[in-house]
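Okay, structure first, notes after.
Since every read-out is calculated from the coordinates, none of them should be taken as a lab result. Keep in mind the model is a prediction, meaning the values are calculated, not measured. Neighbour counts are summed over all protein chains in view; Cβ atoms, including those assigned to glycine, are modelled from backbone coordinates with ideal geometry.
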Amino acid sequence: MNRLGLVLAAALVGPLCGADLEEARKLYSQTEYRQSLAVLRAVAAQDGAVFALAGRNEYMLADFKRSSEFLEKAVALEPANSDDVWWLGRAYGRRAETSSPLTAPGYASRARQNFERAVELNPRNLDALGDLFEYYLEAPGFLGGGMDKARATAERIAAIDAGEGHRVQANLAEKRKEYATAEMELRRAVEIAPQTVGRFIELARFLARQGRFHESDQSLARAEKLAPGNPRLIFAKADIYLKSGRNRDQAKTLLERYMTLPLSPEDPPRREAAKLLQQAQGL
């Protein structure tokens with residue numbers, strides 16, 4: 001092919017690939033993960049954005065091995081992309097949770113390393129900071145966890161987002177069994193963001209764990225007033241009911257409704273709702 005032919009081919013392939021990538025992103029946003037992957041397989045230019053989106057799709061499909069493989073390719077091509085590095089950490093974190101005791105520590109360490117790297121690349125990446133905080137809070141010291149590290153990360157989060165700062169401070173307090181402090185921090189988070197459904201859900205979950213079911217239901221009712229029919233709220237109500245051993249029939253109805261709703265990647269996956277539904281049905 002002569003030079004003019006190459007230029008024309010590039011001009012034709014470039015927009016087509018861009019259109020395909022946008023279609024794949026749209027499908028991903030609609031939780032049509034397999035369809036998104038099918039579109040991505042047809043994209044000629046296998047660049048960092050394509051591999052990153054493929055990795056996210058595989059993550060949502062719970063194939064964490066393939067997810068990490070795609071995301072490794074994305075990070076190799078775009079090593080300064082904080083979000084891709086964070087997603088790679090998430091994939092390794094889930095591999096740690098779902099693998100054998102022999103391999104789990106190695107995957108956990110890779111998760112931590114990628115969370116730390118994502119924060120180095122973008123110190124204001126709240127998603128990465130949040131996952132790094134959770135890692136430090138829950139992981140043992142020999143895997144790089146620790147309360148001091150969690151506390152320092154919580155302070156960094158608070159400097160960026162006050163409401164989120166109160167939430168992570170509540171997690172720290174609950175970990176130390178300082179329940180009054182944890183509740184105070186969660187209520188402060190609600191005060192700062194009274195229009196945020198997630199803050200009421202977090203408070204409701206905490207109150208239910210304390211056996212304060214009436215107050216938990218009140219917090220859920222406030223969230224319902226803010227966002228009737230919100231998928232996250234519907235899922236959370238069912239989850240709280242089942243974990244507290246009450247309202248099983250109502251939980252079943254909520255989960256059946258959840259399975260029919262249009263979801264986003266930020267909502268709990270349908271497979272998790274299906275597991276809860278089996279629990280509600282006593283299967």
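In table form, for the structure just shown:
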{"read-out": "Cα point-scatterer Debye curve for segment 93-142, base-10 log of I(q)/I(0) at q = 0.13, 0.22, 0.29 Å⁻¹", "value": "-0.29, -0.76, -1.09"}
{"read-out": "Unit charges on C-beta of K, R, D, E only; dipole of segment 151-244, Debye", "value": "180"}
{"read-out": "For q = 0.17, 0.25 Å⁻¹, Debye-computed log10 I/I(0) when each Cα of segment 61-127 counts as one equal scatterer", "value": "-0.54, -1.02"}
{"read-out": "Dipole in debye (nearest 20) - the chain, about Cα centre, beta carbon charges: Lys, Arg +1; Asp, Glu -1", "value": "660"}
{"read-out": "Kirkwood-type radius of segment 131-277, with distances r between different C-alpha atoms, in Å", "value": "16.2"}
{"read-out": "Angle in degrees between helix 162-175 and the longest Cα principal axis of the chain, rounded to the nearest 10", "value": "60"}
{"read-out": "222 nm mean residue ellipticity, helices alone, for the chain (DSSP H n ≥ 4; -39,500 (n - 2.57); rounded to 500)", "value": "-24500 deg cm²/dmol"}
{"read-out": "Helix 248-258 axis, angle to the chain major axis (alpha carbon atoms, nearest 10°)", "value": "20"}
{"read-out": "Distance cut-off 24 Å, percentage of C-alpha pairs in segment 23-177 lying past it", "value": "38"}
{"read-out": "Overall Cα dimensions of segment 211-255 - principal axes, largest extent first, Å", "value": "26, 22, 12"}
{"read-out": "Per-q log10 I(q)/I(0), segment 104-173, q = 0.18, 0.22, 0.23 Å⁻¹ (Debye; single scatterer per alpha-carbon; no solvent)", "value": "-0.60, -0.88, -0.95"}
{"read-out": "Furthest towards positive pole of dipole, 169, 254, 158, structure part segment 116-255, Cβ charges", "value": "254"}
{"read-out": "Cβ-based exposure ranking for 249, 127, in which fewest neighbours within 10 Å come first", "value": "249, 127"}
{"read-out": "Value of relative contact order over segment 148-283, rounded to a whole percent, pairs C-alpha under 8 Å and six or more apart", "value": "14"}
{"read-out": "Rg/Rg_ref, the chain, where Rg_ref = 2.2 N^0.38 Å and atoms are Cα", "value": "1.13"}
{"read-out": "Dipole of the chain, positive end: most advanced residue of 38, 196, 211 [Cβ charges, Cα centre]", "value": "211"}
